[in-house]
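Working notes for the structure below.
The values are calculated or read from the model by the stated rules, or taken from the named source; none is laboratory data. As the structure is a prediction and not an experimental result, all values here were calculated from the model. Please note: Cβ atoms are built from the backbone with ideal geometry, for glycine as well, and neighbour counts cover all protein chains shown.
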Amino acid sequence: MGIILAVLKILGILLLIILGVFLSLAALILLVPVRYRLECLIDRPEKDREEPGFGRPHGWVRITWLMRLVSLTLSYEGKAEICLRVLGIRLLPGKKRGGETESILEDEELSQNGMERIDTCQEKALGEERPALEETASKRDEEGPEQEDRISNKEDGEKSEGRRSEEKPPSSLPFREGMARDREEEREGSQEDADGEKISLLERICRVLRRIVAWFSEWYRNTERVVNRLADRVESIKGQCRFYLELLGGEDARRLYQKTADVAGGVLRHVKPRQMLVELEMGTGNPASTGQILALWGMLYPFLGENIRIIPNFERKYLEGEIHIKGRIRACVILFHGLRMVLDRRLWRLIRQLKKGGRN
C-alpha cells in the first residue's frame, strides 16, 4: 500500500510540474509584451546636383519578445534584409554569401562528374551491343537471298491488302438512309388526296403557313414561361434585399456596430506607438500640392499633436527627415477585446439570421 501511495505521490508531483510549466508559458505569452521599434533616416539630398530630388532612405524595424529572447529585424540599406534570432542563434538567413558561392561551386563539380559518368555508361553500352550486332549481320549474310525474297513477298502482300482496304468503299448505310429519307419527303410532297388528285400549290402554301404559325406560338409560350420565371426570381431577390436591409438597420445591429467601433478603438489605442517623433522637411516641387499636404496634416493635428513636425519647402522637390517610433503589444489585451466580440449574443443572433436569409 505504501508503494502505491508513493507512486501516486510522484505522479501528482509530475502533473503539478507540467501544469505549472504550461501556466507559466501561457502567462509569458499573454502578459509579456511584444515590443516594436522603427528607426528611419532620410539623408539630405545632394545640393550640387542641378535637378532636385529626394534623399536616400535607410533604416530598420525591430520586433522583440521576452528581453530579446526572440528578435526579428528588417533593415534597408539600399537592399532589404531580414534577420531572425532565437536565444541569440541566427536562423534567418541560414548562410552567408561565401557559403552560397561554395555551394554553387560544389553543384557545378557534381554536375560535371555526373556528365562524365553518363558518357562512360554510354560507351560501355555501345561496347556490349557491338558483338550482338555483328552476330545478327553474319546470320543475315548466311541466310542469303532466300530471306530477302520472303521479306519482299510479305511486304508485297501487306501493300496489296492495304490497297484493297483503301479501295474498299465506306459503309453505305448513311447514304441509303439519306436516300430513303429523300424518297419519303418526295412522297409526302406528292401526296394525293382520296380522289387520287395531287395536292395543289395553294394547299402546300397553307401547310407551310400553319407550320410557321405553330412555331411562333410555341416560341411565344416558351418566352412567356422564361419571362415569368425571371419575374419571380427578381421578386425573390427584392424580398431578400428588403429583409437584409431591415435586419442590418435594426436596433440590435446598430448596438453591435457601436460595440465593434468601441472594440476597434480599444485595440488601436493599445497598438498605437507609445513614443513617436517624425521630423520632415519636404516639398513636392508644386506649391499647390505641398499646400494640400499641409492642409491634411492640419486636419490630423488634434489627433497627432506635436509628434509630427513638417517644414514645407515650396520652391523645390525635396525630402529630408527622421522617423522614430516605439511601442508594445500585449496578447492578453487583444484576446480580451476579441472575447468581448465573440461572447456577444447579438453577434451570433445576427449571423444566424443572415444565414437564414429571407426564407421562412
Failed criterion for Glu320 (all others in (1) part of a helix (DSSP H, G or I); (2) in contact (Cβ under 8 Å) with a residue 12 or more places away in the chain; (3) not small (Gly, Ala, Ser) hold): (1)
Index of the failed condition, Phe54 passing every other in (1) among the aromatic types (Phe, Trp, Tyr); (2) touching a strand residue (DSSP E or B) at 6+ places or on another chain (Cβ under 8 Å); (3) modelled with pLDDT of 85 or more: (3)
Checking Ile237 against (1) within 30 Å of Leu31 (Cα to Cα); (2) not assigned by TED's automatic domain parsing to the domain that holds Phe314, the condition it does not meet: (1)
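Restricted to the range 254-272, and to residues that are touching a residue at least 60 places away in the same chain (Cβ under 8 Å) and not β-branched (Val, Ile, Thr), which residue is surrounded by the fewest Cβ atoms within 10 Å (Cβ to Cβ)?
Arg255
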Residue match in the range 296-317 (condition: within 36 Å of the chain's Cα centre (by Cα), outside any loop (DSSP other than H, G, I, E, B) and surrounded by 13 or more Cβ atoms within 10 Å (Cβ to Cβ)): no
Test: residue in the range 67-74 that is in contact with a Lys or Arg (Cβ under 6 Å, 6 or more places away or on another chain), modelled with pLDDT of 75 or more and not in a helix (DSSP H, G or I): yes
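Can you go through Glu251, Glu218 and tell me which one is exposed (fewer than 10 other Cβ atoms within 10 Å of the Cβ) and either modelled with pLDDT of 90 or more or closer than 30 Å to Arg345 by Cβ (or both)?
Glu251
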Close pairs (8 angstrom Cβ cut-off, 6 or more residues apart or separate chains): touching a residue at least 40 places away in the same chain (Cβ under 8 Å) and closer than 29 Å to Gly357 by Cα in the range 217-239, surrounded by 10 or more Cβ atoms within 10 Å (Cβ to Cβ) and not polar (S, T, N, Q) anywhere: Ser236/Gly358; Gly239/Gly358
Of the criteria (1) at pLDDT 90 or above; (2) closer than 30 Å to Leu247 by Cα, which one Lys356 fails: (1)
